[in-house]
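The values are calculated or read from the model by the stated rules, or taken from the named source; none is laboratory data. Note that the structure is a prediction, hence the values are computed from the model and not measured. Cβ atoms come from the backbone with ideal geometry, glycine included; neighbour counts cover every protein chain shown. Surface areas here come from the heavy atoms of the whole protein model, side chains and all, with no ligands, DNA or RNA. Shrake-Rupley method; radii C 1.70, N 1.55, O 1.52, S 1.80 Å.
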Amino acid sequence: MIRTFYDKYLLEYPKAFLSILFIIVVFFGFQSTKLEVDVSTETLLLENDKDLEYFREITTRYPSGLEMLIVSLAPNGDLLGQESLNSIEKIRNEFLKLEKVDTVMSILDVPLLEQGDGGIKELVDSITTLSSKDVNITRVKEELLNSPIYSQNLVSKDFKTTSIIVFLKYDSRYFELLDSRNSLRNLVESKNATNDDKKNLNIVSAQFKEYRDKLRVEEKNFINDARIIIKNYENDGKLFIGGVSMIAVDVISYVKSDVVKFGAMLFLLLGIVLYIIFRQIRFVVLPLFMCALSIIITAGILGFFSWEITVISSNFVALQLILTISIVLHLVVMYRELVAKYPKSSQKQLVLVTMLRKINPAFFAVLTTIIGFSSLIFSNIRPVINLGWMMGSGIAFSLLISLIVFPAIMVLLPKKKINLSFEKDFAFTVVCAKIVDKKSKYILFSAIFMTIFAIIGISKISVENSFINYFKKSTAIYKGMQNIDQNLGGTTPLDVIVKFKTHKSESSVVENDTFDEFDEFEDEYEQQKNSAQYWFTEERMQKAKEVHNYFEMQKYIGKVQSLGTMLKIGERLNNNIPFDSFTLALLYNNIPQEYKDIVLTPYLNIEHNELRFTMRIIDSDPELKRDELLSKMENDLKEIITPDVGEFRLAGAMVLYNNLLQSFFSSQILTLGSVALIFLIVFWPIFGSLKASIITIVSNIVPMSVVFGFMGFAGIPLDIMTITIAAISIGIGVDDAIHYIHRLKEELQKDWDYKAAMYRSHKSIGFAMYYTTLVTVLGFGVLVFSNFVPTMLFGLLTVVVMIMAFLGAILLLPLLLVMFKPFKPKQEKYVA
């Protein structure tokens with residue numbers, strides 16, 4: 001049937017097939033214009049994560065500071081000098097003019113709680129700020145440097161750097177649409193949805209996407225405006241800016257830039273390498289043309305199904321190039337081999353035989369590659385799932401395009417004499433064949449050594465990720481985040497919520513004669529009798545200080561803010577005597593709201609009977625192990641917050657992202673084991689030999705393990721990007737193995753001499769494997785020059801993967817086949 005299709009149809013009417021394909025490409029080309037990039041935090045969250053639900057719940061109770069930018073300024077002069085204060089004021093006022101800004105906090109705006117001598121009464125009656133008249137600059141500096149609230153938050157330890165914290169407006173509409181969409185999506189995926197639910201999901205999804213895209217434009221404009229403000233004042237000192245919003249905008253910029261810049265560079269470099277190898281224009285233009293068609297169609301599929309490019313899938317163009325160029329080069333090498341061997345055959349005959357000989361191994365290679373990428377589908381991370389689907393469909397279209405476009409175009413071209421100078425001058429595969437034959441012990445020794453290397457290296461791998469490490473140290477965003485991280489209390493936010501156990505009867509025993517200065521307030525306060533009076537118990541305050549002190553003692557935690565901060569200030573104001581519950585209740589009820597929102601409201605919620613401890617992690621510390629830190633905090637807090645006191649829970653971006661990494665790592669390790677078992681089952685009927693199937697698996701596991709061993713020794717952590725290398729390793733390694741074994745079985749039919757068949761295979765299919773590796777390694781080497789570290793690491797690891805997969809297929813696989821001879825003369829018919 002396949003022969004009839006090519007002989008009677010495709011090769012007879014190639015222009016008709018190309019015309020139909022052209023229409024398809026135009027359609028998908030139009031759909032590709034709908035392709036979008038989404039690097040929001042929603043793309044880096046675990047589906048159905050209970051911690052995510054809890055995080056969204058507490059953000060409704062503590063919306064203050066949910067989104068913010070931090071501007072760090074190291075002025076040229078003294079930090080409290082008039083020139084520096086003028087610069088801070090101007091920058092603050094410029095940000096307040098921006099539509100997305102809610103409030104701005106700087107040393108000019110915060111309450112100075114230690115400037116008066118009248119104690120708590122004076123503090124409640126009149127709060128001083130740096131903008132107030134007749135402030136004592138010496139006392140201001142002393143307070144800012146030593147205050148539990150402001151030290152390493154608004155000013156650095158050396159008092160040379162200050163921060164201007166820009167709080168953005170809370171967008172309730174966005175979260176309402178997000179919650180509605182996710183609820184309906186979960187309902188539909190649970191198979192319990194009605195038709196109306198499905199319609200509502202489409203409507204809400206469209207509304208969410210429209211609103212999100214609108215916000216994305218506004219956010220980009222806001223970040224641009226913020227950078228303009230910073231640029232306008234760069235002569236006033238060293239200015240840096242950082243924040244989650246800025247990271248998202250910059251990542252989109254880097255991803256788009258890399259796709260365009262490195263996509264063009266890859267095509268150019270691939271073209272140069274292909275010409276050096278083949279020395280004929282047709283074998284340069286045709287592979288690149290087919291790669292372009294494959295990318296256009298895949299991008300069109302993504303646009304059609306509204307699969308957005310995320311940080312995880314940003315390298316889909318590069319992946320598509322690898323997989324497509326591999327298929328095409330196997331066809332090109334087969335055709336060139338036939339032309340050299342049968343120079344008198346017609347072009348149609350040569351093309352026909354090429355397709356008939358390569359269609360089976362190409363099909364099974366693609367099938368197993370799809371199985372490899374299908375391991376991503378079982379993740380709980382939607383962008384990873386989408387990557388599995390998009391690469392599966394992409395490689396399927398690459399195969400379809402290759403099996404149609406290559407023969408259709410080649411049959412229209414005149415037959416030309418093949419230039420084999422590269423094969424003769426750089427016969428590396430022949431050298432490999434001699435090594436397999438004469439130096440087999442060295443290969444086995446190397447395989448054992450690499451296995452040991454891999455085991456040791458894998459033991460060193462950590463499951464880590466740091467947003468600051470997504471960027472090179474030379475970039476402005478890295479410098480800004482590092483400056484804030486090291487001088488102003490850390491970057492990555494982490495919250496701990498302590499919910500106290502509710503008692504049936506709670507009261508505050510107040511000794512009225514303790515503070516005579518409060519007498520005039522007692523009557524009024526007794527009349528209010530609100531919940532605050534009874535909530536601030538001695539037990540709760542003690543736990544607040546104990547938990548706060550624990551966090552401050554941890555090595556990797558920067559600035560800690562909580563009610564414990566206010567309790568420390570209270571002691572300083574009250575001659576080192578702790579505030580009692582009455583004083584705290586008074587302060588809570590009478591402090592002006594604008595200052596209450598700074599020092600109290602963000603850290604306790606009386607209605608829900610809970611305290612909030614918010615802190616920032618020193619993300620740039622190279623020794624930081626995030627999962628270990630979170631586990632340690634969980635265990636230690638169990639000793640402080642016992643069940644009779646209440647319960648606690650960790651929340652925030654650090655928790656959510658750590659959950660994602662740990663889940664992805666464990667699920668992928670298990671899935672890769674399942675994929676290896678599936679391969680074993682699939683290879684058995686393909687090769688007609690269980691022994692050959694086991695040999696293929698072993699020859700792939702060893703080089704793939706070396707890749708992870710290399711990551712361990714190089715200190716490259718497993719994160720949301722690098723974990724996908726496993727799927728790539730399997731796909732590419734299995735692809736080479738199938739092509740090699742298919743050719744070896746053909747060569748065995750001639751004399752059943754394994755060594756002779758091995759030599760002939762190396763001189764034929766070996767070149768296709770060699771060229772694929774050479775082209776990919778040289779092409780993807782350019783990715784290491786990206787400013788976006790995930791792209792750089794992807795390029796580096798792809799190079800390592802390609803080299804190890806090639807060495808496994810050209811050295812270890814043939815050796816094992818020659819040693820164990822899995823095929824016997826009775827197995828003359830190839831099962832496919």
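For the reader, a short list of remarks on this structure follows.
- From phi via Karplus (6.51, -1.76, 1.60), per-residue ³J(HN,Hα) for segment 240-247 in Hz, x at Gly/Pro: 10, 9, x, x, 4, 4, 5, 4
- A DSSP coil position with no more than 16 other Cβ atoms inside 10 Å describes the following GluC sites (Glu not before Pro) in segment 590-684: 607, 623.
- Loop-located chymotrypsin sites (Phe, Trp or Tyr not before Pro) across segment 716-813 with a Cβ neighbour count of 14 or fewer within 10 Å are 752, with loop assigned by DSSP.
- Remark on residue 617: its backbone amide H falls under 5 Å from those of 491, 492, 494, 558, a criterion applied only to residues 5 or more positions apart or on other chains, H modelled at 1.01 Å from N.
- Magnitude of the charge dipole for the chain, about its Cα centre and with charges confined to Cβ atoms of Lys, Arg (+1) and Asp, Glu (-1), is about 7860 debye.
- Nearby lysines by direct alpha-carbon distance to residue 438 (threshold 25 angstrom, same-chain neighbours under 8 apart not counted): 424, 691, 745, 750, 755, 763, 821, 824
- Cα gyration tensor shape for the chain, rounded if a/c is under 1.5, else prolate or oblate: prolate
- Options 301, 315, 332, ranked by Cα towards positive dipole end of segment 204-332, top entry (Cβ charges): 332
- Restricting the calculation to Cα atoms, every distinct pair contributes to the Kirkwood radius of segment 149-221, found to be 15.4 Å.
- Cα gyration tensor shape for segment 741-823, rounded if a/c is under 1.5, else prolate or oblate: prolate
- Heavy-atom accessible surface of the chain: percent carbon and sulfur, 1.4 Å: 58 percent
- Relative contact order (%) - criterion: Cα under 8 Å, at least six apart; region: the chain: 19 percent
- Using a simple spin-label model with pseudo-atoms 7 Å out from Cα toward Cβ, residue 628 and residue 420 lie 5.8 nm apart.
- Segment 321-477 - percent relative contact order, Cα under 8 Å, separation 6 or more: 24 percent
- Karplus-derived 3J(HN,Hα), 6.51/-1.76/1.60, for each residue of segment 554-559, Hz, glycine and proline x: 7, 4, 9, 9, x, 6
- Straight-distance crosslink candidates among lysines, where the alpha carbon sits under 16 Å from residue 545 and sequence neighbours closer than 8 are dropped: 499, 559, 568, 638
- Helical mean residue ellipticity (222 nm; -39500 (n - 2.57) per DSSP H run of 4+; nearest 500) of the chain: -21000 deg cm²/dmol
- For the chain, the antiparallel share of DSSP beta bridges with both residues in that region comes to about 95%.
- Coupling constants for segment 421-426 follow from the phi torsions by the Karplus curve (6.51 cos²θ - 1.76 cosθ + 1.60, θ = phi - 60°), and in residue order they are 5, 5, 4, 6, 7, 10 Hz; glycine and proline get x.
- Taken per residue, the accessible surface of the chain reaches 43 Å², heavy atoms only and a 1.4 Å probe.
- Calculated FRET efficiency for the pair residue 187/residue 102, C-beta based, R₀ 41 Å, to 0.05: 0.75
- Peptides 335-342, 286-293 ranked from most to least packed by the mean count of surrounding Cβ atoms within 10 Å: 286-293, 335-342.
- When you filter the trypsin sites (Lys or Arg not before Pro) in segment 188-289 for DSSP loop state and at most 12 other Cβ atoms inside 10 Å of their Cβ, you are left with 191.
- Computing FRET efficiency as 1/(1 + (r/R0)^6) for residue 596 and residue 195, where r is the C-beta to C-beta distance and R0 is 56 Å, gives about 0.65.
- Amide H to amide H, with H built 1.01 Å from N, residue 102 comes under 5 Å of 167, 168, 169, counting only residues 5 or more places away or on other chains.
- For a straight C-alpha distance cut-off of 21 angstrom, the lysines reachable from residue 133 (same-chain residues fewer than eight places away being disregarded) are 90, 121, 141.
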